[in-house]
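Below is one structure, written out as structure tokens; comments come after it.
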Amino acid sequence: MSPLFTKDERGVVEPNSDLVAMALAVIGFVIFISVMAHTYQIYQEKTFIAQHYDDAVSMAGLLRNDPLLTVSRRSELIDASRIESMDAEDINELKSKYAAGYNFSFKIEVPPTYSKVVGASEEMGVSASIPVTIRLNEVEEMPGTLTVKIWEK
């Protein structure tokens, strides 16, 4: 080796210049981990929806024929006046009948004339809608939807 090479300090790297490269590597790693965590969370939500959608449809089918919601002599017809007159005891009765593994809320809707939500939650859940016929008054029956939202207890 030549003595010139060991005494020439023009190519020496400053000790603080490695900090920028290290900071960029750490920031990149943190961003990668956060993107992966968000992706996994979305995957879990989509999996929950896929697994429980059929349960929400079944719950809607059960509610569509429940005597608390239907006209007494026509079980396929949901009575809006019964929905309007439901109290906390009726809602608790429905929950005790059907909410074994889930909490639920439902919405009866005839756009744009009628809409009623029974129960509500900010929880993430699964919703399913089925077509129903709704009796609005003694002479008026209209097609509408029954939407059920279920979420874990």
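Given axes a ≥ b ≥ c from the Cα gyration tensor, I'd like to know whether region 58-99 is rounded (a/c under 1.5), prolate (a/b larger than b/c) or oblate. It would help to have the intermediate numbers written out before the result.
Details: a/c = 2.22, a/b = 1.15, b/c = 1.93.
Oblate, because a/c is 1.5 or more while a/b does not exceed b/c.
Measure off, as a whole percent, the carbon and sulfur share of the 1.4 Å-probe accessible area of the chain, all protein chains present. Show your work: numbers first, answer last.
Details: 6220 of 10550 Å².
About 59 percent, which is the carbon plus sulfur part of the accessible surface.
Please tell me which of these pairs span more than 20 angstrom C-alpha to C-alpha: LYS46/LYS97; LYS95/LYS149; LYS46/LYS107?
Values: LYS46/LYS97 28 Å; LYS95/LYS149 13 Å; LYS46/LYS107 23 Å.
Cα-Cα > 20 Å for LYS46/LYS97; LYS46/LYS107; rest within.
Determine the per residue accessible area of region 18-94 with all protein chains present and a 1.4 angstrom probe, expressed in square angstrom.
Values: 5270 Å² over 77 residues.
Solvent-accessible surface per residue comes out at 68 Å².
As an exercise, use a Förster radius of 41 Å and the Cβ-Cβ distance of THR133 and TYR40 to find the FRET efficiency, rounded to the nearest 0.05. Let's see the in-between values first.
Details: r = 43 Å, r/R0 = 1.05.
For THR133 and TYR40, the calculated efficiency is 0.45.
How high is the relative contact order of the chain? Use alpha-carbon pairs under 8 Å, at least six apart in sequence, and give a whole percent.
Details: 178 pairs, mean separation 33.7, N = 153.
Here the relative contact order equals 22 percent.
Could you tell me whether region 68-153 comes out rounded, prolate or oblate from its Cα gyration tensor? Rule is a ≥ b ≥ c as square roots of the eigenvalues, rounded for a/c under 1.5, then prolate if a/b exceeds b/c, otherwise oblate.
Values: a/c = 2.09, a/b = 1.54, b/c = 1.36.
Note, shape of region 68-153 comes out prolate.
For a paramagnetic label modelled at 7 Å from the Cα of LYS95 toward its Cβ, which residues of region 106-124 fall within the zone defined by backbone nitrogen distances under 13 Å?
106, 118-122
Can you tell me what percent of all Cα-Cα pairs in the chain are more than 27 Å apart? Don't jump to the answer; show the numbers that get you there.
On the way: 5540 of 11628 pairs.
Counting pairs separated by more than 27 Å, the tail of P(r) holds 48 percent.
So who's got an amide H within less than 5 Å of the one on SER75, skipping anything under 5 residues away but keeping other chains? H placed 1.01 Å off N, in plane.
none
The values are calculated or read from the model by the stated rules, or taken from the named source; none is laboratory data. Keep in mind that this is a model prediction, so the values were computed, not measured. We place every Cβ from the backbone using ideal geometry, glycine too, and count neighbours over all the protein chains shown. The accessibility values were calculated without ligands, DNA or RNA, using every heavy atom of the protein model including side chains. Shrake-Rupley method; radii C 1.70, N 1.55, O 1.52, S 1.80 Å.
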